[in-house]
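Written out below as structure tokens is the structure these notes cover.
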Amino acid sequence: MSPDAVRAAELLHDARHLVVFTGSGMSQESGVPTFRDEETGLWARFDPEELATPEAFRRHPGRVFAWYLWRWRAIRDALPHAGYRALVELEDRFDRLTIVTQNVDGLHARAGSAAVIELHGSLVAFRCLDAGHPYDARRLEELRHAGAEEIEPPRCDRCGSPVRPGVVWFGEPLPWEQLEAARAEVDACDALLVVGTTALVYPAADLAWVGVTRGIPVIEINPQPTPLSSHVALAWRAGAGVALPELASALQASLPAT
Ligand code: APR
């Protein structure tokens, strides 16, 4: 067992309420690209200003919609890796374990995590642009894709406005209820695990700093350093798919405080 796993288990030994704050690195070992990794990150290959803003969608609906359809198809085939399953296993180890994720791929829920707060929406929850009327993603199967650069978004049956992905675009507010719920969890928890995020995008990244400021044990799992790294109790330089199963085993080995 790695010294980091032993140290992490020590830090979490007496915790009763754990919050796990995840970013796209959590899904990297499931084959879902991150955003800012060199070469492989989405923003290394695509321009977020051209694809991930309401203005971009109004300017080029076909190009933006085709890109999200490509991402939607990619995550449908992704499977939660062992790190996701370890987080489900850890639910038995704590009185309360809440996942707060920036990810839109739905992999935490698909893995079976019981309490997941999606701060940046969901790539499978399509809705119409003007009124937010839900649009059943299964209807998108019919759309010919074949790598087309532009696909005209379907129109809402109820109001005729174009259908958009249910993700939070740059410049849009985060869903208020989810953000409030996430903040309440981080304010109340007694340990915080930060997995696979550069912690650069606010207000989501604020949550990691709340844990640091509160002085509770904060553990970061990330192969690379981030702005958080020098402020956390443990900067565990490993992938989520390796570290989380190790953490689950180390915690199983050390019984919870009675
Ligand atoms: N395990 C853990 N962490 C990993 C792994 C892995 N296997 N692979 C990469 N990482 C780390 C990277 O080192 C990086 O620090 O995951 C992090 C991914 O960072 P970003 O690509 O910036 O993704 P994220 O932090 O989730 O971005 C936040 O930015 O573009 C917006 O809305 C988007 O939710 C996203 C937000």
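So the values come out like this:
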quantity	calculated
Those residues of the range 196-223 which are charged (D, E, K, R) and near the ligand (Cβ under 10 Å from one of its atoms), in sequence order	220
Residue list for the range 128-154, filter: in a loop (DSSP other than H, G, I, E, B), among the small types (Gly, Ala, Ser), closer than 27 Å to residue 23 by Cα and in contact (Cβ under 8 Å) with a residue 24 or more places away in the chain	147
Odd one out for residue 132, checked against (1) at pLDDT 95 or above; (2) surrounded by fewer than 20 Cβ atoms within 10 Å (Cβ to Cβ); (3) within 16 Å of the ligand (Cβ to nearest atom)	(3)
Cross-chain or 6+ apart pairs with Cβ under 7 Å, the range 70-99 first and without any contact (Cβ under 8 Å) to a residue 40 or more places away in the chain and over 12 Å from residue 113 (Cα atoms), then among the charged types (D, E, K, R) and surrounded by 20 or more Cβ atoms within 10 Å (Cβ to Cβ)	none
Which numbered condition residue 226 misses (of (1) away from the ligand (no atom under 16 Å from the Cβ); (2) of a type in the set (S, T, N, Q); (3) within 23 Å of residue 30 (Cα to Cα))	(1)
Only listed residue being more than 23 Å from residue 191 (Cβ to Cβ) and not in a helix (DSSP H, G or I), chosen from 69, 79	79
Residue in the range 204-214 that is over 16 Å from residue 99 (Cβ atoms) and in contact (Cβ under 8 Å) with a residue 60 or more places away in the chain present	no
Selection count where residues are touching a strand residue (DSSP E or B) at 6+ places or on another chain (Cβ under 7 Å) and closer than 13 Å to residue 18 by Cβ, scope the range 85-127	12
Boolean, residue 85 is under 30 Å from residue 9 (Cβ atoms), more than 16 Å from the ligand (Cβ to nearest atom) and either modelled with pLDDT of 95 or more or surrounded by 17 or more Cβ atoms within 10 Å (Cβ to Cβ) (or both)	no
When residues of the range 88-111 are limited to those that are among the charged types (D, E, K, R) and part of a loop (DSSP other than H, G, I, E, B), the one surrounded by the most Cβ atoms within 10 Å (Cβ to Cβ)	105
One residue from 235, 248, 243 being outside any helix (DSSP H, G or I) and in the same structural domain as residue 90 (by TED's automatic domain parsing)	235
Test: residue in the range 41-62 that is surrounded by fewer than 18 Cβ atoms within 10 Å (Cβ to Cβ), part of a loop (DSSP other than H, G, I, E, B) and not assigned by TED's automatic domain parsing to the domain that holds residue 141	no
Considering residues of the range 156-186 that are within 19 Å of the chain's Cα centre (by Cα) and among the small types (Gly, Ala, Ser) only, the residue farthest from residue 68 (Cα to Cα)	184
Looking only at the range 155-192, and only at residues there that are assigned to a helix (DSSP H, G or I) and either touching a residue at least 60 places away in the same chain (Cβ under 8 Å) or crowded, with 17+ Cβ neighbours inside 10 Å (or both), the one that is farthest from the ligand (Cβ to nearest atom)	188
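The values are calculated or read from the model by the stated rules, or taken from the named source; none is laboratory data. Keep in mind that what you see is a predicted model, and the values were worked out from it rather than measured. Methodologically, a virtual Cβ is constructed for each residue, glycine included, from the backbone with ideal geometry; neighbour enumeration extends over all protein chains shown.
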